[in-house]
Amino acid sequence: MKSQKVVAVIDDDPIILKAITRLLKVHGFRSKVFASAEAFLESAFQIDVGCLVLDIHLDGMSGIELAESLKACNSGTPIVFVTAAIDEETRQRATKAGCVAYLSKPFSAKLLIAAIDKVTG
């Protein structure tokens, strides 16, 4: 495996979770999936997280709200945001919350892996 730390994938779409998990495995990453921001926060597994792949629009707490919460706690965990809805205000808010990449769905596997490699490398 490339990294001892885990890439946490947070998305409320089970098809996206499955696809990203497979992609990460093929590229040598360990991953853990969560269907909501709340599930991620409740997990003791978050301690080993080296990077988040985070959907912006989730049911309940949004990806942006999760990122802002983590930043307020001085988490420092790199975040790759993925979203189907692109708008400049959301992009700016994501950047301010600490995203290292902002990918529009559908995104290329190459871009996602490059972003994760950059922060876990």
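The values are calculated or read from the model by the stated rules, or taken from the named source; none is laboratory data. Only a predicted model underlies this, so the values are computations on that prediction, with no experimental measurement involved. Neighbour counts are summed over all protein chains in view; Cβ atoms, including those assigned to glycine, are modelled from backbone coordinates with ideal geometry. Note: areas computed on protein heavy atoms with side chains; ligands, DNA, RNA excluded. Shrake-Rupley method; radii C 1.70, N 1.55, O 1.52, S 1.80 Å.
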| remark: Within segment 85-121, the residues that are assigned to a loop (DSSP other than H, G, I, E, B), farther than 17 Å from Leu66 by Cβ and among the small types (Gly, Ala, Ser) are Ser108, Gly121
| message | Of all residues being charged (D, E, K, R) and surrounded by fewer than 16 Cβ atoms within 10 Å (Cβ to Cβ) in segment 83-94, which is modelled with the lowest pLDDT? Just the residue, please. | response | Asp87
| remark: Subset of segment 70-82, residues outside any loop (DSSP other than H, G, I, E, B) and open to solvent by 50 Å² or more (accessible area, probe 1.4 Å), comes to Lys71, Ala72
| note | Out of (1) closer than 23 Å to Gly121 by Cα; (2) open to solvent by 20 Å² or more (accessible area, probe 1.4 Å); (3) part of a helix (DSSP H, G or I), the one Ala67 does not meet is (2)
| message | Quick check on segment 95-121: of everything there that is β-branched (Val, Ile, Thr) and modelled with pLDDT under 95, which residue is most open to solvent (accessible area, probe 1.4 Å)? | response | Thr95
